[in-house]
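Worksheet: the structure to be examined is printed underneath.
Bear in mind these aren't lab numbers, they're just calculated from the coordinates by the rules spelled out. Small disclaimer: the values here were computed from a predicted structure and weren't measured. Cβ placement follows ideal geometry from the backbone for every residue including glycine, while neighbour counts extend to all protein chains displayed.
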Protein chains: 2
Amino acid sequence: MTDSTTAASPTLVVVGGVAGGASAVTRARRMNEHATIIMFEKDEHVSFANCGLPYHVGGEIAERESLFVARPALFADRFNIDVRTRHEVVDIDRSRREVTVLNHTTGEHFRQAYDKLILAPGAAPIVPPLAGISASNVFSVRNVTDTDRINAFMTRAQPGRAVVVGAGYIGLEMMEQLHSRGVAVTLVELQPQVLPLMDPELAHMLEEEIAAHDIDLRLGDGISALVSAEGLATGVVLGSGETIDTDMVILGIGVRPSVQLAEQAGLSLGDSGGIHVNAHGQTDDPDIYAVGDACEYTFGPTGKQMRVALAGPANRAGRLAGEHAVTGSSAPVPRAWGTAIVRVFGLAAGMVGLTMSMARRSGLDARCCVVRANHHVGYYPGAQPVTLKLVYEAGTGRILGAQAVGREGIDKRIDVIATAMHFGATVHDLTALDLAYAPSFGAAKDPVHMAGFVAANDLAGTAVIMPIDSDLDGYQVLDVRSRDEVSGSALYGAPHAINIPLHELRERIAELDSAQPTVVSCASGARSYVATRILMQRGFNTVYNLSGGTLLRAHAISSISAGYSGPRPAPAPIPAPPVTGRRGD
Amino acid sequence: MTDSTTAASPTLVVVGGVAGGASAVTRARRMNEHATIIMFEKDEHVSFANCGLPYHVGGEIAERESLFVARPALFADRFNIDVRTRHEVVDIDRSRREVTVLNHTTGEHFRQAYDKLILAPGAAPIVPPLAGISASNVFSVRNVTDTDRINAFMTRAQPGRAVVVGAGYIGLEMMEQLHSRGVAVTLVELQPQVLPLMDPELAHMLEEEIAAHDIDLRLGDGISALVSAEGLATGVVLGSGETIDTDMVILGIGVRPSVQLAEQAGLSLGDSGGIHVNAHGQTDDPDIYAVGDACEYTFGPTGKQMRVALAGPANRAGRLAGEHAVTGSSAPVPRAWGTAIVRVFGLAAGMVGLTMSMARRSGLDARCCVVRANHHVGYYPGAQPVTLKLVYEAGTGRILGAQAVGREGIDKRIDVIATAMHFGATVHDLTALDLAYAPSFGAAKDPVHMAGFVAANDLAGTAVIMPIDSDLDGYQVLDVRSRDEVSGSALYGAPHAINIPLHELRERIAELDSAQPTVVSCASGARSYVATRILMQRGFNTVYNLSGGTLLRAHAISSISAGYSGPRPAPAPIPAPPVTGRRGD
């Protein structure tokens, strides 16, 4: 016991009792048995499973009680922590190191001294300022009180129709769960795709799945007004002018960080609007920490400060800030990589780091490839394709991000790549990973390896990638699929494609013009890779492999998506071949 | 085309046409369109799925044809590769750069010149030299000819009983698959546990699963003789003297690398008995490469050369050696980490790197912890526990290995840790990983994070681990489970344990002797960690947390495993607390 008495038994006050706050107080207690620890939560409940809320509405999580990870009594009995719900911290007096607290049950205000203060207030759902938006059948989905309201309404009113506004994580999950309760759902999204944090060609795979479940999908459209009658919303007026009649409305537009308290206290915010913190989660005031959705993290792919409103970073930062607050030291808060996953009916969509769209906007010299490979060996029954997109830096091969869509094994591939990215991996590292293989679990050449191979070949100039959404006009296009495959589904946007099945290519190579820049395609990009290599070594100067093939190209640039027939983003610019020398030819 | 003519169109000869050989020739072709490429395979088939063989016997892989990943015609048509099956390379003349080939169909020998030669001969099943071992109902499981023989025998003879010898990967898979065909299986293993590459307490979890499927499990016993009648094996005599009557015998004892050809040619072998190669897979003769089960790899955790008879490393090394042979350069062959997984009925068992037993034998100053946490959040239905053991270096925290057993999500955790190990990760890295989380896919605090937390706490002295198989005599033992839990199942090997439920500990702490070295236990190690922290900060000098808790301790040192009641290995030595200073107390 070498610590001074003050440091050894500080008073720690925590504002907010969900992911970040609850992680902070429990770690603080384990690291300092003698501290006084008080956690204030303005709402009814602490330490609840907010990622589980949609599944309680849908009934998959049947028991409301199971949403509570830890009750106030557990905090008291196991951790000797004083938890006060319905207590809102409304002011921070930094000079006196006191907070002012409003007890919502009694209406009283009181002051509480602190040695260390951790702000974990979270974020609040965005509610557009429309007339009628506060109707009793318009809901956000942020806490158990919200799901209590939704469930009570559904039991009482037995709604047959719902409009879900916003096709991000919460919107997609609520769409799925309301559908499973038999509600006819209209999903409205302002962007021309669902899941705007994903590149369009992968998001479009989700749209097919959504349309197959009879969801009325309205992309590229927003809500401009509500129609109300007798205090209830009865319709949603879209930006396009159409009115959708409905029995209830779910808002899944996004969240806004709860930074008022920090701002009032004169603590700085960062460029992304979250509370600015250092590597230990400390704000400008070293006695005040901030964690969770209200603060900024160092974003791994760019090194810039940014908000990341996800549970994982909040838990990690809370745990470390709690330790630092009561011991004076801890490991630094790790960088956040934006790793996330969402289930959409039978599909999963996972992502980490930057999409190609984000990478371009960030000004990075980014390249990308897409592979489609089975989640376990094809010869073992039940193999499901994983569509995996890798985004990487042109010069260094550093991985900037990955996205994957499929029915099985999506979480594993995203977690493997997220782990590699933690270490600053390049695409070459992916080719070298030693992953677990047995027929029912994977493949000796996993989709992760395949993505690494394709990207490494691209960077080496061995087989340069043509992005799947590229404009193929002006290129000689070679389609190396079989005649049956070609007659079954043509290569989108390339009516001028020449079909020479791969096994005939060496004999029929004279039918092609070796002087013309050439793009090669097949169903997925695998056979066209072999063909690319043949052409490159037989006198063709400029050859590209269309990464992702016919299957993904339909998703990338055709208008198959239900609910959207407007303009798509312009095709991607054609990449210059890498400056590194070509190998092997 | 700057290469010289010789280099640009070399003749590449490859010996062996399965994982390593097939990967070598296809990459070689893609990298060099002008090379002459010939692949000799002594057996009937090339490029077959040998990891799938047990599942074809069991019928899960119904079509024999689907075992063939690529047929010779595909090699010819797509890759312009000359594949010769039933052609055995019997001699290498290094001075002339020629091989002598025996055509098993014609019986003729001929010579074939090479510029580069790749040896991928694989390994041969170990067949013990017992009388009757060549009976027609005694089988190895190495290639399609073997499974053809097994299936033909089973169709003809309708065996009701089988003895499987060896409880490694193949033995366990054959046990499962024969059981699913209705055969009563006896599994015989010389070691006192199944899967000798795993630490015993995790292997014992598999033994419970095996016993629950009515397999007759004989551990710590080997076969000493066969009983034969009319050319068939009718019984297996065990080392213990007992005879097991049977209708067929499967040998799954292991494999021996096929190094004769390399030895004859004067190429050196390494200490582990495999062909010695450099970072590009080159043997002593730079024109001769070796890949796959016959060669050695650099083993990641130790940096030593060692054989790793797994498909992943063979595929990777083959691909790179094929490239190097025809272009003169390639990335180095990556280190192998021994990552593997096997399904045993409803359980999966995965591993990477060193077990604790191996680490001790390697002379490393290793420590370990075990966590038991759900594969996804417990509040979402269907959560299954993952038992995850982490082995790490005492001084540095470098991860040496991991093992996991459970019904769901085992492959993902092993792959994440294998990926981290590729980068030389420490246990601290695991705590910082940003993994994908949604309720049906994981948890914000994943089992991988939990293992990292526990190990980091151990190394920091925050909560020092007592290994699960330790002798608890002489320690004050505190069991912090509820009274009901304790009366339901006592802590094995600790009749002197004192039960104080965690939430009563602060009040009742005077019942314990703070001067005595104390071990704390609960069901899994989570509550006991909290209790450990309380004791350490309230005057107890030496406190250990029993990692894995009551549940795993039963597996670790009791004799619950079916089929074995002999002695267990001695309890592990008690680790000294780490030399790093204690934090937070």
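On a C-alpha basis, how far is the centre of region A:26-82 from the centre of region B:464-540 in Å? Whole number, if you could? Cα centroid to Cα centroid, the span is 25 Å.
Using θ = phi - 60° in the Karplus curve 6.51 cos²θ - 1.76 cosθ + 1.60, the 3J(HN,Hα) couplings for region A:487-495 round to 6, x, 7, 6, 6, 5, x, 9, x Hz; x is entered for Gly and Pro.
Taking only the C-alpha atoms of region A:138-253, the Rg (one decimal) and the largest Cα-Cα distance, Dmax (whole number), read 13.6, 43 Å. Of the Cα atoms belonging to chain A, the radius of gyration and Dmax stand at 26.8, 88 Å.
Normalised by the residues of chain A, what does the relative contact order come to in percent, with Cα pairs under 8 Å and at least six apart?
Numbers: 1338 pairs, mean separation 67.8, N = 585.
For chain A, the relative contact order is 12 percent.
Which percentage, to the nearest 5, of the DSSP beta bridges contained in the protein assembly as shown is antiparallel? Within the protein assembly as shown, antiparallel bridges account for around 55 percent of the total. Given 5 Å bins starting at zero, what is the percent of C-alpha pairs of region A:346-460 in each, up to the one with the largest pair distance? Using 5 Å bins, I get a P(r) of 2, 13, 24, 25, 19, 10, 5, 2, 0 for region A:346-460.
Amide H to amide H, with H built 1.01 Å from N, A:T426 comes under 5 Å of A:I399, counting only residues 5 or more places away or on other chains.
Counting from the shortest, the label point at A:R538, 7 Å from Cα toward Cβ, is 8.1 nm from the same position in each remaining copy. Kindly flag which residue pairs out of A:K412/B:K116; A:K389/B:K445; A:K304/B:K412; A:K304/A:K445; A:K116/B:K412 have an alpha-carbon separation exceeding 31 Å in this structure. Table pairs above 31 Å Cα-Cα are A:K412/B:K116; A:K304/A:K445; A:K116/B:K412.
Footprinting exposure proxy ranking of A:M39, A:M248, fewest other C-beta atoms within 10 angstrom first, gives A:M248, A:M39. Panel order for B:C368, B:C295, by other beta carbons found within 10 Å of each beta carbon, from fewest to most: B:C368, B:C295.
Projecting the Cα positions of B:G488, B:V291, B:A432 onto the charge dipole of chain B (unit charges on Cβ atoms of Lys, Arg, Asp and Glu, taken about the Cα centre) puts B:A432 furthest along the positive direction. Placing a label point 7 Å from Cα along the Cα-to-Cβ axis, A:G488 is separated from the same position in the other copies by 5.3 nm, shortest listed first. Per-residue packing, averaged as other Cβ atoms within 10 Å, sorts the ranges B:120-126, A:123-129 into the order B:120-126, A:123-129, beginning with the highest. Secondary structure note: in region A:138-253, about 40% of the DSSP beta bridges are antiparallel.
Reducing region B:181-212 and region A:89-151 to their Cα centroids gives an inter-centroid distance of 55 Å. Taking amide H positions as modeled 1.01 Å from N, with prolines and chain starts lacking one, the residues under 5 Å from A:D479 and 5 or more places away or on another chain are A:I498, A:N499, A:I500, A:S521.
Relative contact order for region A:346-460: what percent, with Cα pairs under 8 Å and sequence separation of 6 or more?
30
Relative intensity of the protein assembly as shown on a log10 scale, I(q)/I(0) at q = 0.05, 0.08, 0.09 Å⁻¹, equals -0.37, -0.95, -1.18, per a Debye sum over C-alpha point scatterers of equal strength in the absence of solvent.
The H on the amide N of B:I37, modeled in the peptide plane, is under 5 Å from the matching H of B:L12, B:D82, each at least 5 residues off or on a different chain.
Of all beta bridges DSSP finds with both residues in chain A, what is the antiparallel percent, to the nearest 5? Restricted to chain A, the bridges split so that about 55 percent are antiparallel. For the segment B:417-426, counting C-beta atoms of other chains within 10 Å of every residue's C-beta and taking the mean gives 5. In the assembly of identical copies, A:T106 has its label point, taken 7 Å from Cα in the direction of the beta carbon, separated from the corresponding points by 10.2 nm (ascending, one decimal).
For the protein assembly as shown, the Cβ-based charge dipole about the Cα centre amounts to some 1220 debye (Lys, Arg positive; Asp, Glu negative; other atoms uncharged). In plain terms, the residue of B:K412, A:K304 with the fewest other Cβ atoms within 10 Å comes first and the most crowded comes last, giving A:K304, B:K412. When the alpha carbon coordinates of region B:1-134 are projected onto the principal axes, the ranges are 55, 33, 24 Å, largest first. From Cα pairs below 8 angstrom and at least 6 apart in sequence, can you work out the relative contact order of region A:138-253, rounded to a whole percent? Reported as a whole number, the value is 33 percent. Across region A:249-335, counting alpha-carbon atoms alone, Rg and Dmax equal 13.0, 47 Å. Take chain B and mark each of the GluC sites (Glu not before Pro) that is in a DSSP loop with at most 15 other Cβ atoms within 10 Å; the longest unmarked stretch, sites excluded, is B:243-585.
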